[in-house]
Every structure is written in C-alpha cells, then in structure tokens.
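The structure appears right after this line, and notes come after that.
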Amino acid sequence: MTTLWTRTDSPVGPLLLTADPTGALTSVSVPGQKNGRTVQDDWRHDPAPFAAAEEQLAAYFAGELKDFQLEFSTAGSEFREQVWAALDSVPYGATTTYGEIAARIGAPRAAVRAVGGAIGANPLLIVRPCHRVIGANGSLTGYAGGLERKVRLLTLEGSLPTVPDVL
C-alpha cells in the first residue's frame, strides 16, 4: 500500500501529513514527536489529497475552525480505537482527564496508564485532540508533540488550565 505525504507549515512547526491511497488521512506528525512518522523512501509526495486537511488546519490555527471534518484511516487495537474515538468527542475549548477517558470507554480506573499509552500513540496530532487530555490535578502531563506545543494548542483554544506549576 502506497503512503502519500506532504508537509505544511503551522504555528507549532512544520506538519508531516500522510494518507492512504484513497486520500484518507493516516497521520499528522511534528518534528521531534515521540513515535512520530518520518518520510520513507517508498512513500510518494503528492500534496493534492491534502488540500482539505491543509485548509482546515489553517482555519483551526486562525481560530476559525473548531471541528475537523476529515476522513481518517487509522489502525490500532480495539482498545486504542476506543480511546481515539473518545478523544474525538472532547470538544474544542474543553479539557478532560485520562480517568474521564477511561470512564467514557467503560474501562476500569486501573486502566488509566493504558489509556495514556493509547493517547500517546495517537497518530493524528491536533486533528484528533489528544492535547485536550490533562492530569487529574490539572497538570499538563506528557504530549507526544512536546509540552510547549500542548500549551500553544490549549492557549489557542482558550482552555489552558490555570493551575500553578502546570508545566
């Protein structure tokens, strides 16, 4: 299966976008991202399938878009897919906790660490809003794209927690 890719600039740095042959978005990555994607030799550079994603990302960063309407194609375990679907339901300008995500998918409280692992494996940074998940005490816990980017995204959305020592 051919992976299509392009890069686009953003206020949080260059974004690497990938898609499957149908044009469905498979990842959004930033440089230095934990488990982020990098262009492979067998990938094909083709910006055409990414026009809608680039347009919506630009509108999001301009504060004009609150909900992405893009076709995704991600592959994960059933558990990860449930966690990622729960992320999709966290509205713009809101935050949630790892425990709340666990509860949404019917997982026990003890599954919080596994929920964190699934969130950290989210292949669609920004578009699938893993940046909206914070610690139970309001702290800004890990973000695969880096805490500085998480702060920028939450600030853009007006949802940065006002808790001392959030970094």
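DSSP beta bridges fully contained in the chain are about 60 percent antiparallel. For GLU100 and SER139 in one chain, what is 0.36 nm times their gap in residues minus the Cα-Cα distance, to one decimal in nm? Extra length available between GLU100 and SER139 comes to 12.6 nm. Less than 5 angstrom separates the built amide H of SER10 from those of LEU15, all sequence-distant by 5 or more or on a different chain. When Rg/Rh (Cα atoms, Kirkwood Rh) is computed from the coordinates, the matching label among [x] 1.07; [y] 0.98; [z] 0.95 is [z]. Per-atom-type breakdown for the chain gives carbon and sulfur 51% of the accessible area (1.4 Å probe, protein chains only). Once the Cβ-Cβ distance of GLU78 and ALA51 is raised to the sixth power relative to R0 = 41 Å, the FRET efficiency obtained is 0.80.
Relative contact order of the chain, please, whole-number percent, based on alpha carbon pairs below 8 angstrom and at least 6 residues apart. Each step should come with its number before you reach the end.
Details: 251 pairs, mean separation 35.6, N = 167.
In percent, rounded to a whole number, it is 21.
The HN-Hα couplings worked out from phi for the stretch 42-48 by the Karplus form 6.51 cos²θ - 1.76 cosθ + 1.60 (θ = phi - 60°) are 8, 7, 10, 6, 7, x, 3 Hz, whole numbers, x standing for Gly and Pro. Taking label positions 7 Å along the Cα-Cβ direction at both ASP9 and THR22, the computed distance is 3.4 nm, reported to one decimal. Per residue, the accessible area of the stretch 1-151 comes to 48 Å², computed with a 1.4 Å probe over protein heavy atoms only.
The values are calculated or read from the model by the stated rules, or taken from the named source; none is laboratory data. It should be emphasised that the depicted structure is a prediction, and the values quoted were computed from it without experimental measurement. Using ideal geometry, Cβ is built from the backbone for each residue, glycine included, and neighbour counts are taken over all protein chains shown. Accessible surface areas use protein heavy atoms only, side chains included; no ligands, DNA or RNA. Shrake-Rupley method; radii C 1.70, N 1.55, O 1.52, S 1.80 Å.
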